[in-house]
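First comes the structure, then the notes that go with it.
The values are calculated or read from the model by the stated rules, or taken from the named source; none is laboratory data. The structure displayed is predicted, hence computed values, not measured ones. As a convention, Cβ positions derive from the backbone with ideal geometry for all residues, glycine included, and neighbour counts pool all protein chains shown.
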């Protein structure tokens, strides 16, 4: 943990550039199917057949043998507006990846980076995409694509953003080692040695990107021009009403740790779902009063993502929203009107609500807030899981492709994105995700929404930091995300750690090391 944490508070992130060892130059027309022939190696240069490859990029709880349909690999159009899962097969020493109707494609997939974690990475042949019949040396393509993206980000942070990023010596060292590593890898002729050397370059790219984002985040957070917008938050989920014997102590400790925002989740309250009765507010009134007394600003969550009932309608949701907002009209000025609304579980796994139904319900809530008071701030949170989503329409950008034109942002002031890297790798994709959101909604503000790592104590998904170090990974991500979120353009900083009550301030236990690590990080950020 000590080794990685120092590297992180040194900072690290990712780069991008693309090109395969020797893809063909012919172009497939839009709409053609295609198959590419892939050579993949582990970080030591050992070749991977299909099963070893799937195990290498897979979750900790993967099947044995791994399921090709759960690979997390998708082919997207070069503009990213359409995607589909690839079909995988083995042909001699080659892995075949097949797609339909996309023409040229870029690849998105989970990829383990030594001593860092599993990232979502892209491979795109220098932005041109791959065509049917190309031979793709995957390690090389990933390293080059990530390095190109990192270089572009470096220029943006050092020259275009305000204030400009002032690189530290360690960030510059990572950048130079990544650049030199790419050149060194290209000098080798043997494919295994090239793959091994490209993996080392990818490692330095990832660390350099994370370092740059953390350092620039600190510089942004300490800049007086932006300090008033910073949101360093935690989540008080619905279980806070079960801790009325120590809620004041919980809030006091969070305040002393340097947090300035709380995401307050209102329980489903099945006996009075729409909060028509005053008694439904009793516990929350006490919590809100204590939060405000400790200087917190509050983002009220109308209904958390996993608590939507299958019979929910726009009318019922609108009524619940109206009663909550009117009751706290003088105390809560920010409302999360949609939580992870592109998920496929809203309404329950047995009877999930359709995406169209969820969109109508969310839209009714957002409109209700603005009808009550246009100056109230509304937040819509989307769920990052494009490679691991079950289908295109539930993926973050697939969902936006469908619903942005139908008025998704009409009554929304802030677009947030939630990260759960154990289920949906982020890593070097952190900045590209925010960049694409900003390009799609240039007039909006953005922030990291709900995030965390592993609900209990055993990793079942993708690893970060080290597969066996869940506690260390939580601390590492808390440090990285707190800083990196401030380095995003038009960002409100911060984010809201989800499992606050369980992982920072468990009932009848002393505060955990995670809270202390977060406190030191917030101090470094000027809190």
- Could you pull out the residue among 243, 231, 194 that is crowded, with 16+ Cβ neighbours inside 10 Å, assigned by TED's automatic domain parsing to the domain that holds residue 425 and either touching a strand residue (DSSP E or B) at 6+ places or on another chain (Cβ under 8 Å) or closer than 20 Å to residue 430 by Cα (or both)? 231
- The lone exception for residue 230 - which of (1) touching a helix residue (DSSP H, G or I) at 6+ places or on another chain (Cβ under 8 Å); (2) modelled with pLDDT of 95 or more it fails: (2)
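Report yes if residue 133 is surrounded by fewer than 19 Cβ atoms within 10 Å (Cβ to Cβ), farther than 14 Å from residue 213 by Cα and in the same structural domain as residue 201 (by TED's automatic domain parsing), otherwise no. Walk me through it before giving the result.
Values: surrounded by fewer than 19 Cβ atoms within 10 Å (Cβ to Cβ): yes; farther than 14 Å from residue 213 by Cα: yes; in the same structural domain as residue 201 (by TED's automatic domain parsing): yes.
Yes, satisfied.
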- Going through the range 163-178 in order, the residues found to be without any contact (Cβ under 8 Å) to a residue 24 or more places away in the chain and within 20 Å of residue 225 (Cβ to Cβ) are 164
- Query: Based on what the data block shows, is residue 38 at pLDDT 95 or above, crowded, with 22+ Cβ neighbours inside 10 Å and touching a helix residue (DSSP H, G or I) at 6+ places or on another chain (Cβ under 6 Å)?
  - Reply: yes
